[in-house]
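These notes are about the structure you will find just below.
The values are calculated or read from the model by the stated rules, or taken from the named source; none is laboratory data. Bear in mind the structure is a predicted one, so any value in this text is a computation, not a measurement. In this analysis, Cβ positions are derived from the backbone assuming ideal geometry, glycine residues included, and neighbour counts consider all displayed protein chains.
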Ligand code: SAM
């Protein structure tokens, strides 16, 4: 059985505080009170956070705690906590540690047995999930959609077999490329792009990969976004039309006939020989269906 680290009593506490992701009214009373009363605020970018703190009349001094200095700052913060001072950790927006700095600090402080108090609030992947209309009983949060290399290959493999909702962060510059990559794996799945959450132009674009691509062909992708891929709920009927559809997606079109048959067969979980025969019968060459 896992044992809890014994928490020291005479030290200060580290408060991990979520801040709004766009709408300042999402700041909680508890977050304001805590940020006002702690001795120091460790912030990802002190210039960004100054705007938020000024808005809520919080004059607490800040120290920078970002990706590049987190390890060293963790020692300084531990010293302050050991002197009995309370410290708060915030990121530029949303929940610290969720694709934001803080993990190394929290790990260091927890290993030292100092009390850590999380203050919940906005977190873009969770906000997106709440309104996407996709299964929410089980989900995986996978951070930013990997751009290339092994991480991308592994992510695609992972996506293929999952029967629960998958949540990624994505940028407007890459969303179209990502959707094109996902198309063969998402033939039978609903997706949602949740953009500009809690802001004036908040929008949920729901539908198949094809629908989303058509949307972004008509409306240039803009703003911050979260991409959600729903589970493959309905049993898939793999008929010839389905084989042609998968084979006609951009990633498959680039492949030679035998490689295409192998990849399509993997996606649809059917025999490679069957896919090959279907594609060959269509045009006699198995090139483009
Ligand atoms: N820790 C943050 C959180 O809890 O939301 C996430 C930080 S991560 C560096 C920033 C990414 O989160 C953005 O590129 C975008 O994918 C997503 N994001 C942040 N705010 C958002 C918003 N208002 N609407 C949609 N996505 C958002």
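A few comments on the model shown:
- Failed item, numbered, when residue 166 is tested on (1) within 16 Å of the ligand (Cβ to nearest atom); (2) in the same structural domain as residue 44 (by TED's automatic domain parsing): (2)
- Boolean, residue 92 is out of contact with any helix residue (DSSP H, G or I) (no Cβ under 7 Å at 6 or more places or on another chain) and part of a loop (DSSP other than H, G, I, E, B): no
- Within the stretch 180-200, the set of residues being within 12 Å of the ligand (Cβ to nearest atom) and either farther than 17 Å from residue 170 by Cβ or in a helix (DSSP H, G or I) (or both) comprises 198, 200.
- Scan of the stretch 86-110 for residues that are more than 12 Å from the ligand (Cβ to nearest atom), surrounded by fewer than 20 Cβ atoms within 10 Å (Cβ to Cβ) and over 14 Å from residue 75 (Cα atoms), ordered by number: 86
- The lone exception for residue 127 - which of (1) in contact with a strand residue (DSSP E or B) (Cβ under 9 Å, 6 or more places away or on another chain); (2) not in a helix (DSSP H, G or I) it fails: (2)
- Among the residues of this structure, residue 149 does not count as one that is surrounded by 13 or more Cβ atoms within 10 Å (Cβ to Cβ) and over 15 Å from the mean Cα position of the chain (by Cα).
- Filter pass, residue 134 being assigned to a strand (DSSP E or B) and surrounded by 13 or more Cβ atoms within 10 Å (Cβ to Cβ): no
- Contacts under 7 angstrom Cβ, first residue in the stretch 50-75 being more than 25 Å from residue 114 (Cβ to Cβ), partner assigned to a strand (DSSP E or B), 6 or more apart: 52/19
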